[in-house]
Structures are given as structure tokens and as C-alpha cells.
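The values are calculated or read from the model by the stated rules, or taken from the named source; none is laboratory data. Here the structure is a predicted model, which means the values were calculated and not measured. Don't worry about glycine lacking a Cβ; one is built from the backbone with ideal geometry, like all the others, and counts go over all protein chains shown. Ligands, DNA and RNA are excluded from the accessible area calculation, which covers all protein heavy atoms including side chains. Shrake-Rupley method; radii C 1.70, N 1.55, O 1.52, S 1.80 Å.
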Amino acid sequence: MPEIARLSGNNGWLELDFVERERTPRRLMKLGIRLHLAGLSLSNTVSELEKFGVQRSRKAVHDWIQKADLQPTSGACPNHVALDETVIRINDEQFWLYTAVEPETNRILHSRLLPARTTALTERFLRELKQKHDVAESLFLVDGAPWLQT
């Protein structure tokens, strides 16, 4: 599992101290976390767990990974992040395309198509960006739109 070497947190021994209810055997929770971090999609991880008689949703497996605090550290750590949103029309419907880009490389860090432009949706977009990449020390470049201010 090559991804294991690139994890933040304690990766020597996978601790499951966060478990409140024992709905899933700990060894299978660990297996699910390791499978996903090794590159299996959440859907495929769930399918593998089903082979052991464990019926869990993708959200449940995702929550295990989040609570275990073992996230891949391969996310970008850019000095600058450019944020922008634009309205697009698809078949007479209006959507907002939010995008975060690393300006030095023009690499798209995160993108999301949303049905509206609201503060709550913008905050969700920024929260997802921060979960994917280490942008805590990044300078955010925005066009003056107050809903994009971090």
C-alpha cells in the first residue's frame, strides 16, 4: 500500500479511538480505511467490505477516514490560490462554477458546479478545498467578491 507512507498523523498503528459504536468489527474498519487510502474508491471499498458481510455506506467509510485523521499528504501546498466563480447556462438553467487554481502552475485545485451562489455553498466549497489541500498559509486571490473572502 504505497499511500500509507504519505499519510499525516500516526501511521505506525491505526488507532480507532474515535469509534463510539461497534457496528463494524475494528479489523474490517481498519481494512476499509487502508483500502481507500491505498487508492480504492469509496464505492469499491464498500464493495470489498460487503464480501465480509459488512453493509456500510460510502459516507460511513469516508467518516472513518476523516475521524482516523489519516489523510493523504499529497495535496498541494500552494503559496497563492486564485478563487473565482462564474455563472453558466445549461439548457436554460443557471449554475455557478466555483474554481480554485494555483496561479503559478494553472493547476486546478478544486472545482464545483453549484445550483446557486449563496454564502453557505461558498463556505462548503472553501471547506472542501481546505480538506483536499494544505492552504492554511496560502494567500487567496479574489476579485473583491465578499462571498469569496476567507
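Numbers at a glance
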read-out	value
Which numbered condition Thr24 misses (of (1) among the hydroxyl-bearing types (Ser, Thr, Tyr); (2) surrounded by fewer than 11 Cβ atoms within 10 Å (Cβ to Cβ); (3) modelled with pLDDT under 85)	(2)
Filter result (loosely packed, with under 14 Cβ neighbours inside 10 Å and at pLDDT 90 or above) within the range 94-110	Gln94, Leu97
Search result, residues across the range 111-150 that are in contact with a His (Cβ under 7 Å, 6 or more places away or on another chain), at pLDDT 85 or above and open to solvent by 80 Å² or more (accessible area, probe 1.4 Å)	Leu139
Selection status of Ala60, of a type in the set (A, V, I, L, M) and surrounded by fewer than 17 Cβ atoms within 10 Å (Cβ to Cβ)	no
Index of the failed condition, Ser8 passing every other in (1) at pLDDT below 85; (2) assigned by the TED database to the domain that holds Leu141	(2)
Single residue of Ser57, Ser47 found to be free of Cβ contacts under 8 Å to residues at least 12 places away in the same chain, of a type in the set (S, T, N, Q) and touching a helix residue (DSSP H, G or I) at 6+ places or on another chain (Cβ under 9 Å)	Ser57
